[in-house]
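One structure is given here, and the rest of the page talks about it.
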Amino acid sequence: MKVHNLLMQDMIITDIESQKGEDVLKEMVDFLKKKNVITREKDLYEKLLQREKLGSTAIGNGVAIPHCKLKEAKDPILLLAVSKKGVDFSSLDGKPAYIFFLVVSSPDNPSLNLQILAAIAHLIRKSNGLLVKKILNAKNIQSILGIIKEEEEKIDE
């Protein structure tokens, strides 16, 4: 499974405004609502908050992968949000998160959810921190998609 195959260009926020973790989640949920990807934004927001209370989804190296399951999500939803300033997201390494991969999937297919999370984590781990730097320096959405694809292709070499 490849992240660049799941991530659509209309599902990227190039500069998220929020400075607090909960606000970042809200901004991403609102984005999905405006795009008509979801209709029950309060449910999604609450599920994401509940998940964060179990333990931060910030995995370090400037990346967070907030995720949850939602009955409304027949197909997996993958949203990428970029914060140029960085957000305190209670990361394991104590550093701010700059890149947020939001994953929402159906509770009917838990293995697919795990495959998506694993693909993102694998991409982050194998890029040795370069992915975050490159995405932060990207000029536009097409560049971000190209960077992700390029990094994934390097992994396969």
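Scanning the stretch 125-148 for residues that are more than 16 Å from Gly60 (Cα to Cα) and not basic (Lys, Arg) turns up Asn137, Ala138, Asn140, Ile141, Gln142, Ser143, Ile144, Leu145, Gly146, Ile147, Ile148. Filtered by the rule that a residue be over 15 Å from Ile16 (Cα atoms), assigned to a helix (DSSP H, G or I) and without any contact (Cβ under 8 Å) to a residue 40 or more places away in the chain, the stretch 135-157 gives Ser143, Gly146, Ile147, Glu150, Glu151, Glu153, Lys154, Ile155, Asp156. Exactly one residue among Leu32, Leu44 is in a helix (DSSP H, G or I), within 15 Å of Asp10 (Cα to Cα), out of contact with any Phe, Trp or Tyr (no Cβ under 8 Å at 6 or more places or on another chain) and in contact (Cβ under 8 Å) with a residue 12 or more places away in the chain, and that residue is Leu32. In the stretch 5-21, the residues that are on the phi < 0 side of the Ramachandran plot and charged (D, E, K, R) reach residues that are surrounded by 12 or more Cβ atoms within 10 Å (Cβ to Cβ) and assigned to a loop (DSSP other than H, G, I, E, B) with C-beta atoms within less than 8 angstrom, at least six apart or across chains, in these pairs: Asp10/Lys35. Scan the stretch 100-157 residue by residue and report those that are closer than 16 Å to Lys2 by Cα and aromatic (Phe, Trp, Tyr). Selection gives Phe101 alone.
The conditions of being assigned to a loop (DSSP other than H, G, I, E, B) and farther than 23 Å from Asp30 by Cα are not met by Asp75.
Quick one: would you say Leu80 is of a type outside the set (Val, Ile, Thr) and more than 22 Å from Gln9 (Cβ to Cβ)? Judged against the criteria, Leu80 is not a match. Looking across the stretch 85-130, the residues that are touching a helix residue (DSSP H, G or I) at 6+ places or on another chain (Cβ under 6 Å) and of a type in the set (Ser, Thr, Tyr) come down to Tyr98, Ser105, Ser127.
Residues that are surrounded by fewer than 13 Cβ atoms within 10 Å (Cβ to Cβ), under 19 Å from Gln142 (Cα atoms) and out of contact with any strand residue (DSSP E or B) (no Cβ under 8 Å at 6 or more places or on another chain) within the stretch 1-34 comprise Asn5, Gln9, Asp10, listed in sequence order.
Values quoted throughout were computed directly from the atomic coordinates according to the rules given, and no laboratory measurement underlies them. Being a predicted model, the structure only gives us computed values, none of them experimental. Don't worry about glycine lacking a Cβ; one is built from the backbone with ideal geometry, like all the others, and counts go over all protein chains shown.
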